[in-house]
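Engineer: I am attaching a structure below and will ask some questions about it afterwards.
Please treat every number below as a calculation from the coordinates, not as lab data. These figures come from a predicted structure and were not determined experimentally. A quick note on method: Cβ atoms are made from the backbone with ideal geometry, for glycine too, and the neighbour counts reach across all protein chains shown.
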Number of protein chains: 2
Amino acid sequence: MTDEIQTFSDRLLNEIDRKQSFAVAGLDPRLSMIPHVFRREPFREHGNTLKAAAESVMVFNRSILDAVAPYAAAVKPQIAFYEAFGLEGLRAFIATVDYARSKGLIVIGDVKRNDIGSTAQAYADAYLGRTELDKGVSLPAFDLDAVTVNPYLGSDGIKPFLTASARYGRGIFVLVKTSNPSSAELQDLTLEGGRKLFEHVGELVDEWGREVAGERGYTSIGAVVGATFPEHARALRKIMPRSIILVPGYGAQGGSAKDVLPCFNEDGYGAVVNASRSINYPHGTDLDVSREKFQDLVREAVQKMNEDINGALKGAGLLRW
Amino acid sequence: MTDEIQTFSDRLLNEIDRKQSFAVAGLDPRLSMIPHVFRREPFREHGNTLKAAAESVMVFNRSILDAVAPYAAAVKPQIAFYEAFGLEGLRAFIATVDYARSKGLIVIGDVKRNDIGSTAQAYADAYLGRTELDKGVSLPAFDLDAVTVNPYLGSDGIKPFLTASARYGRGIFVLVKTSNPSSAELQDLTLEGGRKLFEHVGELVDEWGREVAGERGYTSIGAVVGATFPEHARALRKIMPRSIILVPGYGAQGGSAKDVLPCFNEDGYGAVVNASRSINYPHGTDLDVSREKFQDLVREAVQKMNEDINGALKGAGLLRW
């Protein structure tokens with residue numbers, strides 16, 4: 001079948017190989033931490049407005065994207081930081097996605113959407129597919145390569161995303177075991193029979209993924225598993241062997257390159273690792289950093305992350321390049 | 001303390017009394033079901049675009065809001081149906097919220113947001129609070145009265161919403177037991193010790209609510225419990241006696257007025273009931289309905305819903321008016 005659309009998993013794995021990188025660069029704009037050089041002009045022009053904030057975010061993100069594009073397997077904007085600026089913030093979100101894609105980057109929207117039936121369908125249309133305007137007339141709205149999805153509502157909330165993934169070559173990452181301390185309050189509960197809730201969710205993810213398998217042995221239904229819990233990652237790696245794990249919590253949240261190893265399979269694939277803080281704010285509290293210096297620091301941060309992860313994989317005999 | 005902000009729960013209960021209504025009017029715009037009278041002009045002007053769709057939604061919603069304002073305790077736009085039209089859709093969402101509030105209506109945003117730490121904070125700022133632009137300078141973004149929240153990440157994902165609820169007199173409704181068939185896949189799992197997962201979540205909701213108690217005996221931390229599972233509602237009513245239950249699944253999803261009774265307390269309060277389909281699409285497949293006829297049908301639908309629910313409460317000796 002020559003018309004078959006490449007799966008998201010195959011696209012992501014090819015991008016990993018091409019860049020020799022498992023790094024996902026988060027795009028989590030926190031206004032107070034953005035260097036002055038990106039904020040000065042928009043606030044001078046628009047005053048203390050959401051528009052000024054959103055334009056600052058946009059120029060800040062463009063600088064990061066220019067710096068990381070050759071070195072990151074994908075980028076992951078966290079939509080909450082854009083929604084915080086209302087409609088203007090979402091305009092910056094869409095502009096960020098467009099700019100990232102113009103650089104050939106895969107964009108994973110960290111949106112954690114979840115709902116049921118026709119509502120879940122509306123989300124799947126909005127983020128991965130197309131919204132119908134009339135019979136035979138449909139348009140993409142946010143048009144992302146993949147999104148994160150919350151599983152609390154069960155498969156009713158997942159199926160429209162599976163369909164969109166298969167149809168448009170897109171992917172999802174289902175929250176399985178998150179990196180935060182209180183993730184244990186629900187996710188670690190022990191079920192009758194002895195399994196943990198997150199293991200049960202991992203089994204569902206494995207099942208859902210069967211519908212969207214790629215040529216390289218992975219499915220487009222991935223999972224979010226925090227690097228802060230390596231022992232849980234080991235268990236989940238076995239439960240969902242063909243899902244790509246999106247690992248948050250690397251760096252700032254306390255996870256190390258060694259901690260992410262359990263998320264990889266014996267074939268040296270199976271995970272991508274997100275860092276936001278270290279890549280977005282390598283200047284620390286030096287808000288007077290220049291644009292050029294900032295981009296150098298961003299570039300160094302993502303390269304260091306690649307060396308760190310690839311080095312750990314090499315040490316474990318898992319690096320394939 | 002004369003400066004104390006009225007809690008969301010007190011505001012909602014007063015509104016229920018004032019209108020003698022427990023009805024929440026959903027605002028779930030599905031383009032293909034919107035009468036031609038609302039779509040004709042925007043599509044003539046803007047062609048087959050997301051802008052045309054969003055403008056159709058806006059005039060459709062305004063007609064519904066004009067009709068339901070005197071009879072509904074609150075309205076609940078489901079944001080997925082707006083996100084489906086991208087930035088233009090979100091412009092219609094914000095315009096809908098503004099219009100509803102100009103009519104004095106309480107607006108519950110069905111957004112099901114969920115994240116952790118500073119990301120959850122960004123969502124709480126975006127939907128219930130204010131986003132900081134500079135020291136001492138902050139602006140509201142979406143500015144809703146309450147939102148729905150997903151609990152899968154535990155209390156890390158809830159706390160910023162609790163703080164915003166207390167500070168700004170806002171509320172949240174935590175997904176506890178949803179109305180869809182597959183809600184059982186996670187929510188009904190039996191935990192070690194015999195309880196169900198949804199019961200455990202109900203206990204957390206009860207605990208979280210202690211921080212945001214109003215004068216009328218309810219907290220501003222409510223819960224979503226589907227009308228399709230009355231036996232579960234009975235159990236949850238006892239577990240979280242001071243939480244207001246937002247009941248979806250009334251009408252179209254198969255729940256009846258009798259089914260919602262277990263969500264109420266002995267004092268005749270403790271629940272609000274959402275209907276979307278019957279209030280948004282009372283014209284059925286008659287897309288040629290006139291604006292006036294449509295508004296009559298909407299008005300009748302919400303009045304019938306009030307009679308139905310109040311009648312069931314009266315029959316059970318629970319109606320307080």
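Engineer: What is the distance, in nm, between label points placed 7 Å from the Cα along the Cα-to-Cβ direction at A:Glu292 and at A:Glu192?
Structural biologist: Rounded to a tenth, the inter-label distance reads 6.8 nm.
Engineer: How many nanometers, to one decimal and shortest first, lie between the label point of A:Arg40 and those of its other copies, if labels sit 7 Å from Cα toward Cβ?
Structural biologist: Those label-point separations list as 5.6 nm.
Engineer: Other chains' Cβ within 10 Å of A:122-135 residues: what's the mean?
Structural biologist: 5
Engineer: Residues of A:43-56, mean number of Cβ from any other protein chain within 10 Å of their own Cβ, rounded to a whole number?
Structural biologist: Shielding by partners across A:43-56 averages 2.
Engineer: Which of the lysines could a cross-linker span from B:Lys258 if the Cα-Cα distance has to be under 26 Å and same-chain partners fewer than 8 positions apart are dropped?
Structural biologist: B:Lys19, B:Lys76, B:Lys177, B:Lys196, B:Lys238, B:Lys304, B:Lys314
Engineer: Applying a 10 Å radius around every beta-carbon, put B:278-284, B:41-47 in order of their mean neighbour count, most first.
Structural biologist: Going by the mean number of other Cβ atoms within 10 Å, highest first, we get B:278-284, B:41-47.
Engineer: Something else about it: Could you give the spread of the C-alpha atoms of segment A:1-75 along their three principal axes, from largest to smallest, in whole angstroms?
Structural biologist: Projected onto its principal axes, the Cα set of segment A:1-75 covers 55, 26, 16 Å.
Engineer: Another question, then. List the distances, in nm to one decimal, from the label point of B:Gly193 to the label points of the same position in every other copy, shortest first, placing each label point 7 Å from Cα along the Cα-to-Cβ direction.
Structural biologist: Nearest first, the other copies' label points are 2.0 nm away.
Engineer: Sticking with this structure for a sec: Just to be sure I understand: if I project the alpha-carbon convex hull of segment A:42-175 onto a plane and average over all orientations, what area do I get in nm²?
Structural biologist: Numbers: hull surface 36.6 nm².
Quarter of the Cα hull surface area: 9.1 nm².
Engineer: Roughly speaking, what % of Cα-Cα pairs in segment A:163-227 are separated by over 20 Å, rounded to a whole number?
Structural biologist: 35
Engineer: How big is the Cα convex hull of segment A:111-184 in projection, averaged over all directions, in nm²?
Structural biologist: Details: hull surface 20.6 nm².
Mean projected area for segment A:111-184: 5.2 nm², to one decimal.
Engineer: Report the label-to-label distance for B:Gln20 and A:Arg234 in nanometres (one decimal), using points 7 Å from each Cα along the Cα→Cβ vector.
Structural biologist: 6.6
Engineer: Principal axes first, then extents: for the Cα atoms of chain B, list largest minus smallest coordinate on each axis, whole Å, largest first.
Structural biologist: Over chain B, Cα extents along the principal axes are 60, 56, 45 Å.
Engineer: Please report the relative contact order for chain A, taking Cα pairs under 8 Å with a sequence separation of at least 6, and give it as a percent rounded to a whole number.
Structural biologist: 20
Engineer: Tell me, in nm to one decimal, what length is gained between B:Asp66 and B:Glu41 on full extension, where the rule is 0.36 nm per residue of separation less the Cα-Cα distance?
Structural biologist: Numbers: separation 25, 0.36 × 25 = 9.00 nm, distance 1.97 nm.
Here the segment from B:Asp66 to B:Glu41 would lengthen by 7.0 nm.
Engineer: Separate question: Using the alpha carbon gyration tensor of the protein assembly as shown, what are the three equivalent-ellipsoid semi-axes (square root of 5 times each eigenvalue), largest first, in whole Å?
Structural biologist: 39, 28, 24
Engineer: Please give the calculated 222 nm ellipticity per residue for the protein assembly as shown, where each DSSP H segment of at least 4 residues contributes -39500 (n - 2.57) and the sum is spread over every residue; nearest 500 deg cm²/dmol?
Structural biologist: It comes out at -13500 deg cm²/dmol, rounded to the nearest 500.
Engineer: Ranked highest first by the average count of other Cβ atoms within 10 Å around their residues, in what order do B:269-276, B:181-188, A:25-32, B:314-321 fall?
Structural biologist: Result, highest mean first: B:269-276, A:25-32, B:181-188, B:314-321.
Engineer: With bins 10 Å wide starting at 0, give me the P(r) of segment B:145-304 over every alpha carbon pair, in whole percents.
Structural biologist: Going from the shortest bin to the longest, the percentages are 11, 36, 31, 16, 6, 0.
Engineer: What Rg and what Dmax come out for segment B:248-288 when only alpha-carbon atoms are used, in angstroms?
Structural biologist: 13.1, 45
Engineer: Could you tell me which of A:Ile64, A:Ala233, A:Thr163 has its Cα farthest along the dipole of chain A towards the positive end, charges placed at Cβ (Lys, Arg +1; Asp, Glu -1), taken about the Cα centre?
Structural biologist: Going by the charge dipole, the pick is A:Ile64.
Engineer: Per-residue Cβ counts within 10 Å, from other chains only, averaged over B:74-83: what number is that? Working shown, then result.
Structural biologist: Details: counts 0, 0, 0, 0, 4, 7, 13, 8, 3, 12.
Mean shielding by partner chains, rounded to a whole number: 5.
Engineer: For B:Glu292, place a label point 7 Å from Cα along the Cα-to-Cβ direction in every copy; what are the distances to the other copies, in nm, shortest first?
Structural biologist: So the label point of B:Glu292 gives 7.2 nm to the other copies.
Engineer: Here is a further query. Which ³J(HN,Hα) values, rounded to whole Hz and listed in residue order, are derived for segment A:211-226 from phi using the Karplus coefficients 6.51, -1.76 and 1.60 in 6.51 cos²θ - 1.76 cosθ + 1.60 with θ = phi - 60°, glycine and proline given as x?
Structural biologist: Using θ = phi - 60°, the values come out as 7, 10, 8, x, 6, 9, x, 10, 9, 8, 9, x, 9, 9, 9, x Hz.
Engineer: Sorted by average packing, counted as other Cβ atoms within 10 angstrom per residue and highest first, what order do B:304-313, B:116-125, B:98-107 take?
Structural biologist: B:116-125, B:304-313, B:98-107
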